[in-house]
1. Which value, in Å² and to the nearest 10, is the accessible area of GLU43 when all protein chains are kept and the probe is 1.4 Å?
2. Tell me, what is the 1.4 Å probe accessible area of TYR41, in Å² to the nearest 10?
3. Using a 1.4 Å probe and counting only protein heavy atoms, arrange LEU66, LEU58 so the residue with the most accessible area comes first.
4. State whether segment 44-107 is rounded, prolate or oblate according to the following rule on the C-alpha gyration tensor (a ≥ b ≥ c being the square roots of its eigenvalues): a/c under 1.5 gives rounded; otherwise a/b larger than b/c gives prolate, and the remaining case gives oblate.
Amino acid sequence: MIQSYLYDKEPTRRANGIAFVDMPFSIASMGTRRVILTERYPEVGYDLLASDMIVTVLAGSVFLYLENDVSETFSKGDTVCVPQGTKHYWIRDSRIAIMQATSTLQR
């Protein structure tokens, strides 16, 4: 089961505020990874998406803040699509926050 694999697998890469587990398969036009949110991401300012991104919360809950002061809380099982060009940042709302993020790869 892929979701179980994602939840239990150790991170393969880390960046400030997040850790990634790359999926065990590849689709040429897409990238999917597990994201473990450990603190605000990005640490300051906003992240600007180069492509559309679909995020599903696998464990815990998170806040998604947009540049226009709109915010939303997402919990386990929730899925959100964040369109290309959206300025945003994430903050964990629980002790653990694990998400699956899928986006098109930029060439």
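The values are calculated or read from the model by the stated rules, or taken from the named source; none is laboratory data. Fair warning: this is a prediction, and the values are worked out from it, not measured in the lab. What goes into the accessible areas is simple: the full protein's heavy atoms, side chains included, and nothing from ligands, DNA or RNA. Shrake-Rupley method; radii C 1.70, N 1.55, O 1.52, S 1.80 Å.
1. 90
2. Using a 1.4 Å probe on the heavy atoms, I get roughly 60 Å².
3. Values: LEU66 50, LEU58 10 Å².
Of LEU66, LEU58, the descending order of accessible area is LEU66, LEU58.
4. Oblate.
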